[in-house]
Amino acid sequence: MNEEQQRIAEYLSSNAVGYSNRKTSSQIRNHCNLESGGLTNEHIRDLIRDMILNHGFCTGSTNYGNGYWIVQNEDELNLSTDDLQRRADGVIRRKDALRTNWENQQNG
């Protein structure tokens, strides 16, 4: 992990253990003195995504839960992974609809 990710890991490990202690990307940005990367803290979200994908960090989040937390149990893991699955399903539905719309226009 890079130095910014180390700061995030330390902050979350000390302050966001479990869903009930989740921290928003703005709280993380402010506490760790990081750049936002945009209105929705894209830089913070990118750092955390990389921590999960490439550094074995077990951080949960949901679209509706407003924050990140260190996953503590199977229920918290399911909360986060179920949300990711719903989002993935939505992207696939949109992709399929776009393909269908294109084909309908070409054949119409």
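The values are calculated or read from the model by the stated rules, or taken from the named source; none is laboratory data. Just so we're clear, the structure is a prediction, and the values are computed from it rather than from any experiment. Don't worry about glycine lacking a Cβ; one is built from the backbone with ideal geometry, like all the others, and counts go over all protein chains shown.
Where helices (runs of 4 or more DSSP H) sit wholly within the range 1-68, none has at least 2 residues that are aromatic (Phe, Trp, Tyr) and within 21 Å of Thr81 (Cα to Cα). When residues in the range 4-19 are screened for being farther than 17 Å from Ser36 by Cα, of a type outside the set (A, V, I, L, M, F, W, C) and out of contact with any helix residue (DSSP H, G or I) (no Cβ under 9 Å at 6 or more places or on another chain), 2 of them pass. One residue alone among Gln85, Gln106 is modelled with pLDDT under 95 and either of a type in the set (S, T, N, Q) or under 21 Å from Cys32 (Cβ atoms) (or both), and that residue is Gln106. The lone criterion from (1) surrounded by 11 or more Cβ atoms within 10 Å (Cβ to Cβ); (2) of a type outside the set (Asp, Glu); (3) assigned to a helix (DSSP H, G or I) left unmet by Lys95 is number (1).
Among residues of the range 76-97 that are in contact (Cβ under 8 Å) with a residue 24 or more places away in the chain, those with a beta-carbon under 6 Å from a residue that is among the aromatic types (Phe, Trp, Tyr) at least six positions away or on a different chain give the pairs Glu76/Tyr19. If you go through the range 20-49 and keep only what is in contact with a helix residue (DSSP H, G or I) (Cβ under 7 Å, 6 or more places away or on another chain), over 22 Å from Asp75 (Cβ atoms), of a type outside the set (Gly, Ala, Ser) and in contact (Cβ under 8 Å) with a residue 24 or more places away in the chain, you end up with Ile28, Cys32, Leu34, Ile44, Leu47.
For residues that are surrounded by 13 or more Cβ atoms within 10 Å (Cβ to Cβ) and of a type in the set (Phe, Trp, Tyr), scanning just the range 34-74, find the one that is farthest from Asn15 (Cα to Cα). Among those that are surrounded by 13 or more Cβ atoms within 10 Å (Cβ to Cβ) and of a type in the set (Phe, Trp, Tyr), it is Phe57.
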